[in-house]
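Note sheet for the following structure.
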Amino acid sequence: MTAAARLPRTIRNPYRVPRPAVISFSGGRTSAFMLRHIVDAYGGRLPGGLHIVFANTGMEREETLQFVDVCGREWGVEIAWVEYLWDAPHRTRTVDFATASRNGEPYAALIDRKGFVPSVTIRTCSGTLKRDRIESYARHRLGLKRWHSVIGLRADEQRRVLRMRAMNCGSRTGAHAALPLADAGVREADVLDWWKRQPFDLGIPSYAGNCNCCFLKGRAKLIRIIREDPTLADWWIEQEARVANRTGPDGRACESMKRFRLGETYAELKAAALAHRDLFDEAAASASESGESDSFDCHCTD
């Protein structure tokens, strides 16, 4: 029984989100759980005024892109795929499963434009590549001036929930945050249990996430991911190399803007991942499975 099924009948179904609304679909299990329950709340067919948008950075794993495509086809819903492109109207282009970027093109283009790589303190990636693209689509493609931005934050993510409610999902744009999972009391265990009973699944271990080597992942998780596929680190190494010689307006080097992770380059991280594999594999696996404490929250995480 899901959290939604446990709601008293006197309480409004939180999945019947107010309209107009834009459902942010990250391509992960939690946001897909939310989407399916919203569809079910409306009798299996979304009414007019509800729109689903997936923002692709080009660094999503292929399994994520396949999952988004399958969700749309299996559940009979239309999902708009958008990407950052500087020369496109309002910096946003519409793509689909076949034409979506798969080699980090939107992300690399953003780094070129900014002249530095994102980091824990400067998260231009999630802001520009995801949040702004979804808001651009809502305002300029859908013609909305005010809308509900439906985001899959769970009840066990209270810090993120409180922060999102406090800033009202960037109300300067006309978006108003709607958090049906938090309102329904859904926790991670509810999501994982529900997916065990479904005919298809994301196919990515929880520790891996959608963005293959996101710098917001804890170090042990990144070590494990890179050990499983060392080539995944190469794109991140290349981006740091491209900005290695850039300086600020005053001509001074700013090391924090040349590294995704504070104090460690991805080249160093890859070297660490490939060293002493047998000795540290078990420890890294244990830490990554436990969720570890050095991970950070991000708008684009699931």
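Only the coordinates and a few stated rules stand behind these numbers; no lab work does. Just so it is clear, the model here is predicted, and its values are computed rather than measured. Every residue, glycine as well, gets a Cβ built from its backbone with ideal geometry; the counts of neighbours run over all protein chains shown.
Cβ-to-Cβ counts within 10 Å put S26, S206, S101 in ascending order as S206, S101, S26, the fewest first. Footprinting exposure proxy ranking of M257, M167, M59, fewest other C-beta atoms within 10 angstrom first, gives M167, M257, M59. Over all projection directions, the Cα-based convex hull of the range 29-92 averages an area of 5.1 nm². Note on F116, F200: ascending count of other Cβ atoms within 10 Å places them as F200, F116, the fewest first. Listed cross-link partners K145/K258; K145/K196; K114/K145 are compared with a 30 Å cut-off, the Cα-Cα value being larger for K145/K258; K145/K196. I need the fraction of alpha carbon pairs in the range 61-157 separated by more than 23 Å, rounded to a whole percent. Summing the P(r) tail past 23 Å for the range 61-157 gives 34 percent. Count Lys and Arg as plus one, Asp and Glu as minus one, and take only other residues whose Cβ is under 12 Å from that of I122; the net charge is then +4.
The distance linking the range 64-135 with the range 165-205 is 19 Å (Cα centroid to Cα centroid, whole angstrom).
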